[in-house]
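Right, one structure below, let's go through it.
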Amino acid sequence: MGFYDTNLTIFAYMSKLANEMGAINLSQGFPDFDVDSTLISYVEDAMRKGFNQYAPMPGLPSLRSALSQRHFNDYGVTYHPDTEITITPGATQAIQSVIASTVKPGDEVLLFAPAYDCYAPMVKASGGIPVWAALNPADFTLDHQSFSDRVSDKTKLVIINNPHNPCGSLWSEGDVELLIELQQTYGFYILADEVYEKICFADGGFRSFCTYDALKDALFLVYSFGKTFHATGWKIGYVLAPEPLMSKLRAFYQFAVFSVNTPMQHALARYVAEADYKKISVMYLKKQAFFEEAMKKTAFRALPTYGSYFQLFSYEGISDKNDVDMAEWLTREVGVATIPVSVFYPKRRDDIRHLRFCFAKGDEVLSAAADKLYHAG
């Protein structure tokens, strides 16, 4: 039985297969190193102090205030902690809340292929119609013509993932200029999924979409504490938006979720205020460079990555298998689990020869994976 014969997501399937085969798991995007012991101690302290009952629906005021200050420090943009910040049980739920609060049956939502796999199902669940624009297949940058051709008066929402998962690409200034032009023409909302904002390797660092004044009134921003602080199992995120948009979101959110883990919010309120975010991107850049160097002895060819903790590698010249079959073969026969890129497209494709590798692992794990992959071709 293969992936297409199951009802599992590709992430669940490949992790399950990796466990069954005893393979090194570079598929699902989770770090294998510890959360900062200081943050853990803050959670324990909050529990022992009795902060174990419901938090307010939008999130703890202290956490929202800390995030407001942090966002201003990072980007020079202010979001009011009372009316423009909401804490959510993970970024995925934040994305669902944005979609559910803006998309009505028959509305079109523009997605860029390849796209993270939760977007389209959530659009369909709200009665929306996914419309697909393309990223350039050579380097996964924005295809301007494809974007322009697919936006219309029916477009209610455009979903952007930046830095991009699975490709590690970034939007350029020219891309944003086109986005501004199209948004001002058609008036759509924008959901900017920026969960990898602190894992960015571009010269000059990461620039959030909120720094463009022309976009802010139409913009929802989604973030993840799990991605930033190596705690994906905590499932805590947050969304920023101007008050009129946040009011729409909370009208849905208050009945879908209502409240998020209280002691962890207390801990994060303390930690966000003092955390050295610069160390995060530096640490991941070292891991990315280490893995790419280790992979040079293999027949896999690295594609550039400018953000996230993923990197694509081409296996052209190693095998003519489609990428789903190649990912399964590597897991079963070589002992390294990856993610096939074709599953991020709206329709199955057999012409993709790229695999996504997660390098958020210890150096010894990355080195061992490269050793195994050396024998793959």
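Could you check the range 240-268 and list, in sequence order, the residues that are among the small types (Gly, Ala, Ser) and more than 22 Å from the chain's Cα centre (by Cα)?
We begin by selecting, within the range 240-268, every residue among the small types (Gly, Ala, Ser); these are 241, 247, 251, 256, 259, 267.
SER247, ALA251, SER259, ALA267, listed by residue number.
Has the range 141-154 got any residue that is at pLDDT 95 or above, in contact with a Leu (Cβ under 6 Å, 6 or more places away or on another chain) and among the hydrophobic types (A, V, I, L, M, F, W, C)?
Yes, that holds for at least one residue.
Kindly evaluate PHE300 against the criterion of being more than 19 Å from PHE30 (Cβ to Cβ) and at pLDDT 95 or above.
Values: more than 19 Å from PHE30 (Cβ to Cβ): yes; at pLDDT 95 or above: yes.
Yes.
Condition check: surrounded by fewer than 20 Cβ atoms within 10 Å (Cβ to Cβ), under 20 Å from HIS266 (Cα atoms) and out of contact with any Ser or Thr (no Cβ under 8 Å at 6 or more places or on another chain). Does ASP32 satisfy that? Lay out the reasoning, then the answer.
Details: surrounded by fewer than 20 Cβ atoms within 10 Å (Cβ to Cβ): yes; under 20 Å from HIS266 (Cα atoms): no; out of contact with any Ser or Thr (no Cβ under 8 Å at 6 or more places or on another chain): yes.
It is false that ASP32 is surrounded by fewer than 20 Cβ atoms within 10 Å (Cβ to Cβ), under 20 Å from HIS266 (Cα atoms) and out of contact with any Ser or Thr (no Cβ under 8 Å at 6 or more places or on another chain).
For the range 235-256, name all the residues that are touching a helix residue (DSSP H, G or I) at 6+ places or on another chain (Cβ under 7 Å), farther than 24 Å from ASP213 by Cα and part of a helix (DSSP H, G or I).
Result: ALA251, PHE252, TYR253, ALA256.
Output the residue which, of all residues in the range 344-372 that are of a type in the set (Gly, Ala, Ser) and not in a helix (DSSP H, G or I), is surrounded by the most Cβ atoms within 10 Å (Cβ to Cβ).
We begin by selecting, within the range 344-372, every residue of a type in the set (Gly, Ala, Ser); these are 360, 362, 367-370.
Right, trim to not in a helix (DSSP H, G or I) and you get 360, 362.
Working: ALA360: 24, GLY362: 12.
Only one residue tops the list, namely ALA360.
Tell me, please, whether a residue that is outside the structural domain of ALA337 (by TED's automatic domain parsing) and among the β-branched types (Val, Ile, Thr) can be found in the range 59-77. Break it down stepwise before answering.
Going through the range 59-77, the residues outside the structural domain of ALA337 (by TED's automatic domain parsing) turn out to be 59-77.
Subsequent filtering for residues that are among the β-branched types (Val, Ile, Thr) retains 77.
Among the residues of the range 59-77, at least one is outside the structural domain of ALA337 (by TED's automatic domain parsing) and among the β-branched types (Val, Ile, Thr), which makes the answer yes.
Scanning the range 44-65 for residues that are more than 22 Å from the chain's Cα centre (by Cα) and assigned to a helix (DSSP H, G or I), which turns out surrounded by the most Cβ atoms within 10 Å (Cβ to Cβ)?
Only one residue fits best here, namely ALA46.
Conditions first: (1) buried (at least 17 other Cβ atoms within 10 Å of the Cβ); (2) among the basic types (Lys, Arg); (3) out of contact with any Phe, Trp or Tyr (no Cβ under 8 Å at 6 or more places or on another chain). LYS124 passes all but one, so which condition is the exception?
Checking LYS124 against (1) buried (at least 17 other Cβ atoms within 10 Å of the Cβ); (2) among the basic types (Lys, Arg); (3) out of contact with any Phe, Trp or Tyr (no Cβ under 8 Å at 6 or more places or on another chain), the one that fails is (1).
Answer yes or no: is there a residue in the range 138-147 that is in contact with an Asp or Glu (Cβ under 7 Å, 6 or more places away or on another chain), touching a residue at least 12 places away in the same chain (Cβ under 8 Å) and either crowded, with 16+ Cβ neighbours inside 10 Å or not in a loop (DSSP other than H, G, I, E, B) (or both).
Start the filter on the range 138-147 by keeping residues that are in contact with an Asp or Glu (Cβ under 7 Å, 6 or more places away or on another chain), which leaves 142.
Narrowing further to those that are touching a residue at least 12 places away in the same chain (Cβ under 8 Å): 142.
Of the ones still in play, those that are also either crowded, with 16+ Cβ neighbours inside 10 Å or not in a loop (DSSP other than H, G, I, E, B) (or both) are 142.
So far as the range 138-147 goes, yes, one or more of its residues are in contact with an Asp or Glu (Cβ under 7 Å, 6 or more places away or on another chain), touching a residue at least 12 places away in the same chain (Cβ under 8 Å) and either crowded, with 16+ Cβ neighbours inside 10 Å or not in a loop (DSSP other than H, G, I, E, B) (or both).
Being in contact with a Pro (Cβ under 7 Å, 6 or more places away or on another chain), part of a loop (DSSP other than H, G, I, E, B) and hydrophobic (A, V, I, L, M, F, W, C), is that true of even one residue in the range 19-42? Spell out how you get there, then give the answer.
Taking the range 19-42 first, the residues in contact with a Pro (Cβ under 7 Å, 6 or more places away or on another chain) are none.
No; the residues of the range 19-42 include none that is in contact with a Pro (Cβ under 7 Å, 6 or more places away or on another chain), part of a loop (DSSP other than H, G, I, E, B) and hydrophobic (A, V, I, L, M, F, W, C).
Among residues belonging to the range 257-297 that are acidic (Asp, Glu) and part of a helix (DSSP H, G or I), point out the one that is surrounded by the fewest Cβ atoms within 10 Å (Cβ to Cβ). Quick ask: steps written out before the conclusion?
Quick first cut of the range 257-297, residues acidic (Asp, Glu) only: 274, 276, 292-293.
Going one step further and asking which of them are part of a helix (DSSP H, G or I), we end up with 274, 292-293.
Values: GLU274: 9, GLU292: 19, GLU293: 13.
It comes out as GLU274.
If you take the residues of the range 100-114 that are in contact with a Ser or Thr (Cβ under 6 Å, 6 or more places away or on another chain) and under 24 Å from THR141 (Cα atoms), which of them is surrounded by the most Cβ atoms within 10 Å (Cβ to Cβ)? Outline the logic, then answer.
If we filter the range 100-114 for residues that are in contact with a Ser or Thr (Cβ under 6 Å, 6 or more places away or on another chain), which is where we start, we get 100, 103, 108, 110.
If we keep only those that are under 24 Å from THR141 (Cα atoms) too, we end up with 108, 110.
Numbers: GLU108: 20, LEU110: 24.
Ranking the candidates gives LEU110 first.
In the range 5-54, what count of residues is obtained for those that are at pLDDT below 95, among the aromatic types (Phe, Trp, Tyr) and either over 16 Å from VAL343 (Cβ atoms) or outside the structural domain of THR331 (by TED's automatic domain parsing) (or both)?
Total meeting the criteria: 2.
Can you name every residue in the range 169-190 that is out of contact with any helix residue (DSSP H, G or I) (no Cβ under 9 Å at 6 or more places or on another chain) and not in a helix (DSSP H, G or I)?
Answer for the range 169-190, where residues must be out of contact with any helix residue (DSSP H, G or I) (no Cβ under 9 Å at 6 or more places or on another chain) and not in a helix (DSSP H, G or I): SER169, LEU170, SER172.
Can you tell me which residue within the range 298-343, out of those that are part of a strand (DSSP E or B) and small (Gly, Ala, Ser), is surrounded by the most Cβ atoms within 10 Å (Cβ to Cβ)?
Our first condition is that a residue be part of a strand (DSSP E or B); within the range 298-343, this holds for 301-302, 307, 310-314, 336-337, 339-340.
Pick out the ones that are also small (Gly, Ala, Ser) and you get 302, 307, 314, 337.
Values: ALA302: 17, GLY307: 25, SER314: 16, ALA337: 28.
Within the range 298-343, the match that is surrounded by the most Cβ atoms within 10 Å (Cβ to Cβ) is ALA337.
Among (1) in contact (Cβ under 8 Å) with a residue 40 or more places away in the chain; (2) surrounded by fewer than 23 Cβ atoms within 10 Å (Cβ to Cβ); (3) on the phi > 0 side of the Ramachandran plot, there is one condition ASP117 misses while meeting the rest; what is its number?
(3)
For residues that are crowded, with 16+ Cβ neighbours inside 10 Å and over 22 Å from ALA94 (Cβ atoms), tally how many sit in the range 148-168. Explain how you work it out, then say what you get.
At the first step, the residues of the range 148-168 found to be crowded, with 16+ Cβ neighbours inside 10 Å are 150-151, 155-168.
Next cut, over 22 Å from ALA94 (Cβ atoms) only: 150-151.
Number satisfying all stated conditions: 2.
Within the range 91-140, take every residue that is within 30 Å of ALA302 (Cβ to Cβ), of a type in the set (Ser, Thr, Tyr) and touching a Pro at 6+ places or on another chain (Cβ under 8 Å) and give me the one that is modelled with the highest pLDDT.
TYR119
Checking GLU177 against (1) of a type outside the set (Ser, Thr, Tyr); (2) surrounded by 14 or more Cβ atoms within 10 Å (Cβ to Cβ); (3) out of contact with any Phe, Trp or Tyr (no Cβ under 8 Å at 6 or more places or on another chain); (4) modelled with pLDDT of 95 or more, which single condition isn't satisfied?
(2)
The values are calculated or read from the model by the stated rules, or taken from the named source; none is laboratory data. Predicted, not measured: the structure shown is a model, and the values here were computed from it. Please note: Cβ atoms are built from the backbone with ideal geometry, for glycine as well, and neighbour counts cover all protein chains shown.
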